[in-house]
Structures are given as C-alpha cells and as structure tokens.
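S.K.: There's a structure below that I have some questions on.
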Amino acid sequence: MGVSTWQWQRGSVAKERISFGEKSLIQGNPSLDKKAGIKEIEEKRWDKAQSNLEKSLEKNPNDPEARIFFNNAKIGSDDNSYTIAVSVPIRNNIDGSLEILRGVSQAQNEFNSSRGKSQWRLKVAIASDDNNPEVAQDVATALVINPDVLGVVGHYASDVTIAAKNIYTSKKLVAITPISTSVDLTKNSDSSKNSKPYIFRTVPSDSDSAKALGDYMFNKLNTNNNVAIFYNSSSNYSKSLKSEFMTVVKNKGGQVSKEFDLNEQDFNADLSVKQVIDKGTQVLMLAADTNTLPQAQKVVVRAAKKNLNILAGDDVYTPDTLKVGDAAVEMVVAAFWHIDNAPNSNFVNKSKELWGGATVNWRTALAYDATQALIDAIQRAPTRSEVQQFLSSGKFKTTGASGDIEFCPSGDRKNPYIELVKIVSTNSSDNLYKFVPVEAYKDKPSSDCPVH
C-alpha cells in the first residue's frame, strides 16, 4: 500500500513532528514504562512494546498518546491496516490537544477491539503543528506524500485548517476538523459549483453559534438589546464569529454599540468596560480566540458587579475561564456537546472506563465523531478519492457521540446541534466552578445546509 508507516521518517518534518509511537511528541519526560514502550516500537519489538505501554496505561490511564501508541503496537507491521493521522498543537496547547487525542484514541480503541487479528484495523499517526499555519502546511505536505494516509483529523484553529486546505485539496486527501468553526473554511466548497470538498467538519460553524447566542440574547435576557463585541482582528475564527453575530443582532433589530480589538497593543480592559457602561450597553459578547483569552478574562473581571450580561464563543469554553472565579458566574458560552446532556450514553460510559473515570468535553466528543466518520468511510471505500466521494455523496450517515453525522455538499455538518452552557459555582472543594448546560436550551437543527 505504498510507503510503510513504520519506515516513513523521510524529511525533517516527519522526523520531528509525526509519530506512530517511535517517539513521544509531548514535552517532558515520559514514565519509564512509556519510554520503554516507545523504544520497543522503534526497534519493532511489538510484544514488548505492548507490555510496557500497557503498564504505563495502568498507572496513567488518562494518556491518549500512550493509548494510540499501544493500539498501533498491537497492529505492528501488519499491512492489513488502515492509516489516518491527527494533527494537534501539542507544544503550545497541550490540554486542547489531549482532549482531541482522547476522542481519536477512543474511536480507534473501540474499532480495533471489535476486530479480529485477520481483519483490518486502524493505525493512527499523531502530528504536532503548533497551531501555526506555516507549520501546519509543512505537516499537511508530509502527510499527503504518504499514500498510506487515507484521512486526517484536524486541524485546531480555523486559520490553521484554512492554511492547510489547499494542500489537502490538491492531493485529494480528506481532512475532518472537530474544532475549526470559521465560515470561511467551507466557502466555495459547494459540489453544485463543481468544487469537491476535501475539508469536512463535525463541529457546527460560527454561523450556527452566532444564531444560538443571538437567540438567547433576544429571547432570554431582559436587556435593551445593545451589545459590545470583543474580538481578535488577527484571528479568522474570531472575525468570523464577530461578523456572524453582528448580522444576527442587526437582523433582529438590536444594536452593536462598540467593537473592541483584544489584539491591539494598547487594549485596556478597564477603559473598554467604562466605555461600554457609558453607552448604556447591557451585554458583552466575547468572540475571543485562544491567544486573546487572557485579555477577555480581564474584561470579565472588570465587568463584574456591573450588571452586565456576558456571552462568549466556544474558545472561551476552557478550564482557564473557570479560574476567573466569581466574576465569570452566569456567563453563557456556545458549546456543541456537554456530558450532562448525555450522562448515560454509550460514548460517555466507554470514555469513563477508558480514561479512568475522567470526564470529557465537546472537543473529545467531536474528535471522536470525526474519527468515526473516517473509519466508516474508509471501511466502505478504502482509497482517498473514494473516501471523499462517499463523505460528500449525500448518502453518508453514521452515528457518533453527538448524534447522527452527515455532511452538506460544502463539507459542513448537516443539521448541527448547538448547546449553550453557563458557569456556576459549586459546593465542591475540588472544583469551585464548572460549566453546566443552560436549562432547557438546545438549539434545534435546521433542515437545510448553509448557503455561503
């Protein structure tokens, strides 16, 4: 089937940034058992690799990298295996990367566990792209030249996925992102315009999030519908969410009183909040991205006790936001899946078993869905071109953690659900604050695909 995945170490990008188990991409020193397992994979001693990695997982079950390496080692040099890759920003966003890797690993683990040794199983390469557009292009180039790779889960930020899009498209390799929400990602990818999509997503778009947040603002908040928006002018995701939200507000008869660029060198949270209050604005919308989350958190702190309502996009849905404390309580954030809305689902039960009782969030669920979609497509159509054709055929449908997975001609997810969560204080000494679903709120999906 082409270049052996175990011998695929040509070029500096592959050697440094892509691993099937012969090196750890997580910075720091792995445990002795994990280190030994990695060494055995490098030497192609598969049984010993499995034994050492199994010991590592017994001590630290919540390690998706070790789990993926373990599953790869069980396949060993067997040519009867499908290969996919997952690209995440391990070096500068370890928590977000691990969340995605858990979803990919769980899907791989479930699929391979259901297969006999004589049946084809799934091998996964992990790639580290630093959430950097140029690095992601290098990673994408390294992935497309290996004919064994039949699909990619990734990337993370919308800017990064957009940067890699042309490479995947030109080499006809499908990538399914569980994270990138920018509407620009799937523009001009409608098959009716003779443009085949090679970028798909299991996550809803910013248009869906903006509609849900806008509906909540107008229908649930008792305000004058006057809102100020905080965003990052250098982030495609942030600009996309801001633009879509502004459209919703204006169409509903509201007013955007002020826009603040969190990325400006002289951005001042105190002054910004004062200007908001002076204008009689009652709602703040935080369209912050990961890079400007600290500035957005300062806004939240300054806005505390000012009777301001705070809405936020999905990048604010992170444990770091909970560290803001009381000031963030009652903030409403766009989400795409929450464990409390599916406490007894098969996915949740298996995830708790696999990860030693640790809870998972929407990034894990939608990465699981992206991997499930690739597995289902590859089983039915095990070539790159056939995978693309099947996913975009209008006949593809499978089930994931977040429900049915279908794709529009553009590559967008069909009928996506949006869930809203809010921050509440708890009585727990371990977790003083947490995200919980907004009561009785789950946006009903549209029956139509978006028109770009």
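The values are calculated or read from the model by the stated rules, or taken from the named source; none is laboratory data. All figures in this text were calculated on a predicted structure; none of them were measured in a lab. Cβ placement follows ideal geometry from the backbone for every residue including glycine, while neighbour counts extend to all protein chains displayed. Note: areas computed on protein heavy atoms with side chains; ligands, DNA, RNA excluded. Shrake-Rupley method; radii C 1.70, N 1.55, O 1.52, S 1.80 Å.
S.K.: Go through region 215-228 residue by residue and tally those that are surrounded by 23 or more Cβ atoms within 10 Å (Cβ to Cβ) and more than 14 Å from V333 (Cβ to Cβ).
M.R.: To start, the set of residues in region 215-228 that are surrounded by 23 or more Cβ atoms within 10 Å (Cβ to Cβ) comprises 217, 227-228.
Filter again for more than 14 Å from V333 (Cβ to Cβ), leaving 227-228.
Adding up the residues that qualify gives 2.
S.K.: Hey, does region 201-220 have a residue that's among the aliphatic types (A, V, I, L, M) and not in a helix (DSSP H, G or I)? Spell out how you get there, then give the answer.
M.R.: First, pick out the residues of region 201-220 that are among the aliphatic types (A, V, I, L, M): 203, 210, 212-213, 217.
With not in a helix (DSSP H, G or I) added as a condition, the list becomes 203.
Yes, that holds for at least one residue.
S.K.: For region 338-357, give me each residue that is in contact (Cβ under 8 Å) with a residue 12 or more places away in the chain, on the phi < 0 side of the Ramachandran plot and either of a type outside the set (D, E, K, R) or open to solvent by less than 60 Å² (accessible area, probe 1.4 Å) (or both). Walk me through how you get there before you give the answer.
M.R.: Initial filter on region 338-357 (in contact (Cβ under 8 Å) with a residue 12 or more places away in the chain): 338-342, 345, 347-348, 350-351, 354-356.
After this cut, where a residue has to be on the phi < 0 side of the Ramachandran plot as well, the list is 338-342, 345, 347-348, 350-351, 354-355.
Matches in region 338-357: H338, I339, N341, A342, S345, F347, V348, S351, L354, W355.
S.K.: Under the condition of being at pLDDT 95 or above and polar (S, T, N, Q), which residue from region 87-99 is surrounded by the fewest Cβ atoms within 10 Å (Cβ to Cβ)?
M.R.: Per the criteria, the residue is S97.
S.K.: Any residue that is without any contact (Cβ under 8 Å) to a residue 60 or more places away in the chain, closer than 22 Å to D129 by Cβ, of a type in the set (S, T, N, Q) and crowded, with 19+ Cβ neighbours inside 10 Å - is there at least one of those in region 24-45?
M.R.: Yes.
S.K.: Consider R67 against the criteria (1) more than 30 Å from T169 (Cβ to Cβ); (2) in a helix (DSSP H, G or I); (3) in contact (Cβ under 8 Å) with a residue 40 or more places away in the chain; (4) open to solvent by 60 Å² or more (accessible area, probe 1.4 Å): it satisfies all of them except one. Which criterion is unmet?
M.R.: (4)
S.K.: May I pose another question? Please verify whether region 298-307 includes one or more residues that are touching a residue at least 12 places away in the same chain (Cβ under 8 Å), crowded, with 16+ Cβ neighbours inside 10 Å and within 24 Å of the chain's Cα centre (by Cα).
M.R.: No: zero hits.
S.K.: If the requirement is being exposed (fewer than 15 other Cβ atoms within 10 Å of the Cβ) and among the hydroxyl-bearing types (S, T, Y), which of these qualifies: T321, T383, T364, T371? Can you show your working first?
M.R.: Values: T321 fails: exposed (fewer than 15 other Cβ atoms within 10 Å of the Cβ); T364 fails: exposed (fewer than 15 other Cβ atoms within 10 Å of the Cβ); T371 fails: exposed (fewer than 15 other Cβ atoms within 10 Å of the Cβ).
Exactly one residue qualifies, and that residue is T383.
S.K.: Just to be sure I understand, how many residues within region 150-187 are open to solvent by 10 Å² or more (accessible area, probe 1.4 Å), polar (S, T, N, Q) and touching a residue at least 60 places away in the same chain (Cβ under 8 Å)?
M.R.: 0
S.K.: Which one is most open to solvent (accessible area, probe 1.4 Å), of the residues in region 388-440 that are farther than 22 Å from V333 by Cα and among the aromatic types (F, W, Y)?
M.R.: Here the answer is F390.
S.K.: Any idea how many residues of region 128-139 are closer than 14 Å to A175 by Cα and either in a loop (DSSP other than H, G, I, E, B) or more than 17 Å from the chain's Cα centre (by Cα) (or both)? Let's see the steps before the verdict.
M.R.: So the first thing to find is which residues in region 128-139 are closer than 14 Å to A175 by Cα, and the list is 136-137, 139.
Of the ones still in play, those that are also either in a loop (DSSP other than H, G, I, E, B) or more than 17 Å from the chain's Cα centre (by Cα) (or both) are 137, 139.
Qualifying residue count for the region: 2.
For (1) polar (S, T, N, Q); (2) open to solvent by 30 Å² or more (accessible area, probe 1.4 Å); (3) assigned to a loop (DSSP other than H, G, I, E, B), each residue gets a yes or a no:
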{"residue": "K48", "(1), (2), (3)": "no, yes, no"}
{"residue": "E54", "(1), (2), (3)": "no, yes, no"}
{"residue": "L57", "(1), (2), (3)": "no, no, no"}
{"residue": "P61", "(1), (2), (3)": "no, yes, yes"}
{"residue": "A85", "(1), (2), (3)": "no, no, no"}
{"residue": "L101", "(1), (2), (3)": "no, no, no"}
{"residue": "S105", "(1), (2), (3)": "yes, no, no"}
{"residue": "N112", "(1), (2), (3)": "yes, no, no"}
{"residue": "V124", "(1), (2), (3)": "no, no, no"}
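S.K.: Among all residue pairs at least 6 apart or on different chains, which show Cβ distances below 7 Å where the first residue, located in region 407-420, is more than 26 Å from F435 (Cα to Cα) and the second is part of a loop (DSSP other than H, G, I, E, B) and basic (K, R)?
M.R.: Correct list of pairs: F407/K414; C408/K414.
S.K.: Within region 339-379, how many residues are under 22 Å from R413 (Cα atoms) and part of a loop (DSSP other than H, G, I, E, B)?
M.R.: Total satisfying the criteria: 4.
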